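A short worksheet on the structure shown next.
The values are calculated or read from the model by the stated rules, or taken from the named source; none is laboratory data. Note that this is a predicted model, so its numbers are computed, not measured. Here Cβ is always computed from backbone atoms with ideal geometry, including for glycine, and neighbour counts include all displayed protein chains. Only protein heavy atoms, including side chains, enter the accessible area calculation; ligands, DNA and RNA are left aside. Shrake-Rupley method; radii C 1.70, N 1.55, O 1.52, S 1.80 Å.
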Amino acid sequence: MPPPKPSEPAWWFAFRGNQLLLHEENSSVRLPRLWDFGELQLSAEGKQHYLGRLSGHPCYTIEIPPETNPPKGMAFLGLRQVYERLEEDLFWIAGRAVQIIDWDRTHCFCGRCGLPLNLRETERAKECPQCGLLYFPRLAPAVIVLVERGEKLLMARSRHFAPGVYSVLAGFVEPGETLEEAVEREVFEETAIRIKDIRYFGSQPWPFPHSLMIGFTATYEGGEISINDEEIEAAGWFTADHLPGRPGKISIARRLIEWFITKQKKSAFDPRGGELT
Ligand SMILES: [Zn+2]
């Protein structure tokens, strides 16, 4: 619940579409901190949503109409453009904020009755006044996996990647599937490789537009690479010292690849095979 009266300025995550409003000077960016969003004299489109507090400071998100120009000294920037330019804490809250704005924008009417939905006060949900159906912010779980085969790892490239960039395999979880089943299926569908020893690695919210990436490692069990060319255009086994272009630092894919490189470096110095702790 938002504080009843502001006792200090709040962080404002204002979005025009998926672009965040920021103060921009040379190459540095800064999130607006304001007593009231009205100080910027921009007409705001939807309702504002309270996000919670960061180190005690209240945080809000709000939608700005698409035709709005940024005030002097400010700019609307895509989230990928501001990664590493904005403090990490604020960046990931911006990722939460853009998903709440998107949910608000795309959940206006009940899918069953067609009636306008009401915002619930006690939780982040919308409710149909007629049938009571609840609508929560959307989250699409996706698995991502680094497959090892001795000193090599499996990487593939999708048509959407920048030229030369390869990554580890990923895909959405289907209804009724465990995460481990999704990992096995994705790797097999995309490359015809069978895997074993699937282990949890870590997770990351991915607000493009509303995924939760769940990372795993696995080892090769069998098969030869045969790509499904509807999904990917190339795949191969790579060693740590001959890697193709890697995905951006923002991604859990990159963290998985860095983990593999570190492990390989350690094993190069350790005849027992890199199980140093
Ligand atoms: Zn309804």
- Note on the structure: Shape descriptor, the chain: equivalent ellipsoid semi-axes (Cα gyration tensor, sqrt 5λ, whole Å, largest first) stand at 40, 24, 17
- Item | Cross-link reach list, lysines versus Lys249, counting only Cα pairs under 29 Å and skipping chain neighbours closer than eight places | Lys152, Lys196, Lys263, Lys265, Lys266
- Item | Length added when fully stretched, Lys265-Arg112, from 0.36 nm per residue minus Cα-Cα | 49.5 nm
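Where nothing but the Cβ of Lys and Arg (+1) and of Asp and Glu (-1) is charged, how large is the charge dipole of the range 111-253 around its Cα centre, in debye to the nearest 20? Walk me through the numbers before you get to the answer.
On the way: 15 positive and 21 negative charges, 125 e Å.
For this selection, approximately 600 debye.
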- Query: Under a point-charge model restricted to the Cβ atoms of Lys and Arg (+1) and Asp and Glu (-1), what is the dipole moment magnitude of the range 80-170 relative to its Cα centre, in debye to the nearest 20?
  - Reply: 460 debye
- Note on the structure: Length gained, Leu54-Glu233, 0.36 nm per residue minus C-alpha separation, equals 60.2 nm
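Dipole of the range 35-94, Cα-centred, from +1 at each Lys and Arg C-beta and -1 at each Asp and Glu C-beta, to the nearest 20 debye? Walk me through the numbers before you get to the answer.
Numbers: 5 positive and 9 negative charges, 5 e Å.
It works out to roughly 20 debye.
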- According to a simple spin-label model (label point 7 Å from Cα along Cα-to-Cβ), what is the distance in nm between Glu84 and Leu243? 1.4 nm
- Query: If R0 is 25 Å, what FRET efficiency do you get for Lys47 and Leu212 from their C-beta distance, rounded to 0.05?
  - Reply: 0.50
- Message: Tell me whether the range 1-132 comes out rounded, prolate or oblate; compute the Cα gyration tensor, take square roots of the eigenvalues as a ≥ b ≥ c, and use a/c under 1.5 as the rounded threshold.
- Response: prolate
- Message: Can you tell me the mean projection area, over all orientations, of the convex hull of the range 85-143's alpha carbons? Units nm², please.
- Response: 5.6 nm²
- Taking the dipole about the Cα centre of the chain, with the C-beta of Lys and Arg at +1 and of Asp and Glu at -1, give me whichever of Gly222, Gly114, Ala235 is farthest to the positive side. Gly114
- Residue-normalised accessible area of the range 1-76, given per residue in Å² at a 1.4 Å probe: 56 Å²
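Antiparallel as a % of all DSSP beta bridges within the chain, to the nearest 5? Could the numbers behind the result be given before it?
Working: 45 of 61 bridges.
In the chain, DSSP labels about 75 percent of beta bridges as antiparallel.
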- Quickly work out the Phe188-to-Asn26 label distance, labels modelled 7 Å from Cα along the C-beta direction, and quote it in nm with one decimal. 5.6 nm
- Message: Compute and list, largest first, the equivalent-ellipsoid semi-axes of the range 1-73 from the alpha carbon gyration tensor, each √(5λ) rounded to a whole angstrom.
- Response: 20, 15, 11
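Rounded, prolate or oblate: pick one for the range 137-277, where a ≥ b ≥ c are the square roots of the eigenvalues of its C-alpha gyration tensor, a/c under 1.5 means rounded, and failing that, prolate if a/b is larger than b/c, else oblate. Each step should come with its number before you reach the end.
Working: a/c = 1.43, a/b = 1.37, b/c = 1.04.
Rounded, since a/c falls under 1.5.
Could you tell me what percent of the accessible area of the chain is made up of carbon and sulfur, with a 1.4 Å probe and every protein chain present?
Details: 7660 of 15240 Å².
Ligands and nucleic acids excluded, carbon and sulfur give 50 percent.
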- Item | Inter-label distance, nm, simple model (7 Å from Cα along the C-beta direction), Glu177/Trp35 | 5.3 nm
- Item | Charge dipole (the chain, unit charges on Cβ, about Cα centre) - positive-most of His57, Gly248, Gly171 | His57
